[in-house]
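Structure first, commentary second.
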Amino acid sequence: VDFIGKYPWVTLLIGLIALGSLTPGLKQIQTDFTHTGFFFDDDPMLLEFNAFERQFGNDDSLIIGVHSPSGIFDVDSASLIQTLTEQMWLMPDIIRVTSLSNYSWVHAEGDDILVEPFFPDDVELTQELLDARKNIALNHEVLPDYLISKNSKTALLYARIRPSIDGIVEAPPIVEAARKLSEAVKRTDHSFYVVGGPAINASFKEATQTDLQRLMPILLGLIVLCLLLSLRSVISTILALVVVVFTIVPAMSISGWTGFPITSVTGILPQILVAICVADGVHILSVFRQSLRDGQSKREAANYTLAKNFLPTLLTSISTSIGFFSFGTANLKSLAGLGVLAGCGVLLAWFVSYFILGPLIYILPSFIKAAPAEKLHTRLNRATAFTAVVTKFRKPIIIVFSFITVGAAGLTAN
C-alpha cells in the first residue's frame, strides 16, 4: 500500500502492462457448442466415439418436422413434403434426405418385387392415391413413428450430415438453412419444427449469445443503479465498472491461452465475474468515500482504505478462487474450464482493484467534503439502531432463515 501511495503512476503502469500482456489470448479464443466441448481430448468415451465415427461414419441428422392439423395425406401436404425433400438436398453439408416422398417402398405385385418412392414422382398425386398410401403407411412395419406419426398429422424429414472426417461440421449454417427453407415453403395450416443433433448444438450457441446480449445489459444496468444508490457518485460508479471491464477482458483472454473453449457452460463466466468485481470495487470505494466524509485527506483516506481492505479482500479472493479451481478436477472439460477461468478471474479482480483502482483513487481528484458532525452521528445512530433490532430479534430471525433454508433444500430434491 505504501508503494501504491508513493508511486501511483508506476503502479498503474505495472497493472496495465500485466493485463495487456494477457489480451493477445483474445485472438486464440475458440468456441465449441458441440458434444466435444464437454470432453477432454483424451477422454476414453470421446476417443471411442471418434473411432466409431471413423469406421462407420457420422450418423447425425437434422430433422424437420411438418405438422398439419388436417393430416399429411392430402394433396397440399404431400406436395409440400415432396418440395421440402427436394430443397433439403441443397442445404449445406447434407448428403442424404429421407422422407415419405422418397422412402423406398418395397412391395410385390404378383411374382414381381417392386421398389418405388412412397409418394410417386411420375404420376399426379390424387386424394384417392394418397388415401391408399395412408392406409399402407399406418399399417407398415417401419413408417409409423418414424416418418409419419400414428395419427398421420406429423411427418418427419431426415437430412443426413456428411461425415466429419476433416473436422467438425458446423451446425449453425445447416440449422439456419433449414429454418429459412421452412419459412420459404410454408403454406396454409402447416407448422415446422427443426430438431435433431445439429439443432441442439446450434441452440446451445444461440442460448449463450442471447444470454450475453440480453442478460448482460440488464445485469450491468441493475448494478449501475445499485451503485448509484449506494455510492451516490457517478465517478465512483464508473470506477467500479472499470474494475469489471479490466477484469473480464483479461479473464476471457485466459480462455485463449489455456485452450478452454467458450461453451454453453463457460459462457456464464462474465456474469460470475461481474459480481466478484463489484464486490471488490465497492469495498474499496465505500470505505474511501466514508473516510473522506470523516475528514481525512485524500491520501490519508486512500492509505487507510487500501490497508484496511488488503487482507480481507485478498483472503476472500484466494478462498473463492480455490473453490472455483476445485472444479478443475472435473471430468467434464467445460466445467473444468469454468472453474479455471473463474478462479483466475477472481484473482484478476483483486489485482485490478489494487493495481488499477488503487492508484486511481490517489491520482483522480476528489470532490467529497467532510460531513458535518451531526450527519456522522446520524449515520452512526442508524447503524446502531439496526444492529439493536437484529440483536433483539435474533432468535426469530434464525428460526425464519432456518425454515427458508430447509424449504429451499426440499425444493432442490424435487
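The values are calculated or read from the model by the stated rules, or taken from the named source; none is laboratory data. As the structure is a computational prediction, the values presented were derived from the model and not from experiment. All Cβ positions, even for glycine, are placed from backbone atoms using ideal geometry, and neighbour counts span all protein chains on display. Note: areas computed on protein heavy atoms with side chains; ligands, DNA, RNA excluded. Shrake-Rupley method; radii C 1.70, N 1.55, O 1.52, S 1.80 Å.
Whether a residue is at negative phi and surrounded by 14 or more Cβ atoms within 10 Å (Cβ to Cβ) was assessed, and Ile238 does not pass this test. Considering each of Ser61, Ser104, Ser99, Ser77 in turn, give the residue that is surrounded by fewer than 19 Cβ atoms within 10 Å (Cβ to Cβ) and hydroxyl-bearing (Ser, Thr, Tyr). Of Ser61, Ser104, Ser99, Ser77, the one residue that is surrounded by fewer than 19 Cβ atoms within 10 Å (Cβ to Cβ) and hydroxyl-bearing (Ser, Thr, Tyr) is Ser104. Taking the criterion of being surrounded by fewer than 17 Cβ atoms within 10 Å (Cβ to Cβ), at pLDDT 80 or above and either within 30 Å of Thr263 (Cα to Cα) or of a type in the set (S, T, N, Q) (or both), the only residue of the range 348-386 that qualifies is Thr384. Applying the criterion of being open to solvent by 70 Å² or more (accessible area, probe 1.4 Å) and closer than 16 Å to Leu335 by Cβ to the residues of the range 7-53, the residue that is modelled with the highest pLDDT is Met45. Taking the range 307-330 as the range and being crowded, with 16+ Cβ neighbours inside 10 Å and in contact with a Phe, Trp or Tyr (Cβ under 7 Å, 6 or more places away or on another chain) as the test, the residues that pass are Thr313, Ser317.
Across the range 189-227, the qualifying residues are those that are open to solvent by 70 Å² or more (accessible area, probe 1.4 Å) and under 30 Å from Arg289 (Cβ atoms), and the one among them that is modelled with the lowest pLDDT is Leu215. Condition first: surrounded by 16 or more Cβ atoms within 10 Å (Cβ to Cβ), of a type in the set (D, E, K, R) and out of contact with any strand residue (DSSP E or B) (no Cβ under 8 Å at 6 or more places or on another chain). Now tell me which residues in the range 141-188 satisfy that. Answer for the range 141-188, where residues must be surrounded by 16 or more Cβ atoms within 10 Å (Cβ to Cβ), of a type in the set (D, E, K, R) and out of contact with any strand residue (DSSP E or B) (no Cβ under 8 Å at 6 or more places or on another chain): just Glu170. Return yes when Arg299 is in a helix (DSSP H, G or I), open to solvent by 70 Å² or more (accessible area, probe 1.4 Å) and closer than 23 Å to Ile368 by Cα and no when it is not. Yes, satisfied. Residues in the range 112-141 that are more than 27 Å from Asp59 (Cα to Cα), touching a residue at least 24 places away in the same chain (Cβ under 8 Å) and of a type outside the set (D, E, K, R): Leu125, Thr126, Gln127, Leu130, Ile136. Suppose we filter the range 332-347 for residues that are open to solvent by less than 20 Å² (accessible area, probe 1.4 Å) and in contact (Cβ under 8 Å) with a residue 24 or more places away in the chain; how many remain? Counting residues in the range 332-347 that are open to solvent by less than 20 Å² (accessible area, probe 1.4 Å) and in contact (Cβ under 8 Å) with a residue 24 or more places away in the chain gives 8.
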